[in-house]
Amino acid sequence: MRPAIFFDRDGTLNEEVGYAGRPEQFHILSFAAAAVRWVNQAGWAAVLVSNQAGVARGYFTEGDVGILHGLLRDHLQSAGAHLDGIYYCPHYAGGTVAGYDRACSCRKPQPGMLQKAARDLGLDLYASWMIGDRRHDIACAHAVGARAVLVRTGYGESSLAEPPSPDQDDVPDRVSSDAAAAVNWILAASSKR
């Protein structure tokens with residue numbers, strides 16, 4: 001089993017624009033490819049895990065999500081990087097689209113996407129990290145014994161201003177400026193163990 005770095009998508013690898021569903025809304029951040037490439041070069045798994053409630057809300061379809069993920073894969077490949085897995089949750093309790101309007105175990109902060117990735121890819125969750133811009137990303141990682149970095153991009157600054165949950169499960173293990181800085185720190189810290 002190998003460790004992984006799990007990446008949130010919106011606000012972490014691409015600009016946070018609020019329910020990006022069309023290619024013209026999807027702007028990959030300048031450091032994203034380098035961050036993923038460094039994970040690849042270290043021999044860790046690079047895995048995307050993203051809540052996509054816009055499907056349940058009727059803003060876009062799963063096909064639209066697939067198009068954006070194709071754009072991300074192409075961008076990374078052109079820069080010598082790749083994701084080992086892409087997982088997303090289209091569900092949202094209170095959504096307007098039948099079949100997607102439900103609570104589930106894959107919507108962060110629930111750990112279902114990380115658990116599925118671990119089964120599919122043979123990952124050691126206890127040696128893994130999550131990088132995201134929301135407190136639910138942090139809580140998701142902690143739910144499976146992984147550690148987490150909160151980045152200041154996307155909703156990161158406003159997330160830092162929020163009080164932690166009563167059980168403190170959403171307190172980040174580290175705060176970094178962006179995903180590239182987070183990966184750099186994680187890999188450097190791990191090599192010293």
Checklist entry - Among the residues of the range 36-52 satisfying the criterion of being within 13 Å of the chain's Cα centre (by Cα), among the polar types (S, T, N, Q) and not in a loop (DSSP other than H, G, I, E, B), which is surrounded by the fewest Cβ atoms within 10 Å (Cβ to Cβ)? => result Ser50
Item to check | Count - residues of the range 70-101 that are part of a loop (DSSP other than H, G, I, E, B), surrounded by fewer than 14 Cβ atoms within 10 Å (Cβ to Cβ) and free of Cβ contacts under 8 Å to residues at least 40 places away in the same chain | outcome: 4
Next on the checklist: Is it the case, given these coordinates, that Ala188 is out of contact with any strand residue (DSSP E or B) (no Cβ under 8 Å at 6 or more places or on another chain) and free of Cβ contacts under 8 Å to residues at least 12 places away in the same chain?
Outcome noted: yes
Next on the checklist: Would you confirm, using the coordinates I've provided, whether Arg57 is more than 15 Å from Phe6 (Cβ to Cβ) and not polar (S, T, N, Q)?
Outcome noted: yes
Next on the checklist: Could you check the range 53-69 and list, in sequence order, the residues that are assigned to a loop (DSSP other than H, G, I, E, B) and closer than 29 Å to Ala35 by Cα?
Outcome noted: Ala53, Gly54, Val55, Phe60, Thr61
Checklist entry - Checking Ala33 against (1) of a type in the set (Gly, Ala, Ser); (2) closer than 26 Å to Gln110 by Cα; (3) buried (at least 17 other Cβ atoms within 10 Å of the Cβ), which test does it fail? => result (2)
Checklist entry - Name the pairs: first residue in the range 149-171 and under 15 Å from Lys108 (Cβ atoms), second residue assigned to a loop (DSSP other than H, G, I, E, B) and modelled with pLDDT under 95, Cβ to Cβ under 7 Å, at least 6 apart or on different chains? => result Asp170/Pro164
Checklist entry - Among the residues of the range 150-160, is any under 15 Å from Val47 (Cα atoms), at pLDDT 95 or above, among the small types (Gly, Ala, Ser) and in contact with a Gly (Cβ under 9 Å, 6 or more places away or on another chain)? => result no
Checklist outcome for this item: Gly11 meets each of (1) surrounded by fewer than 20 Cβ atoms within 10 Å (Cβ to Cβ); (2) at positive phi with one exception, condition (1)
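The values are calculated or read from the model by the stated rules, or taken from the named source; none is laboratory data. Keep in mind it's a predicted model, so treat the numbers as computed, not measured. Heads up, the Cβs are rebuilt from the backbone with ideal geometry, glycines too, and the neighbour counts pull from every protein chain shown.
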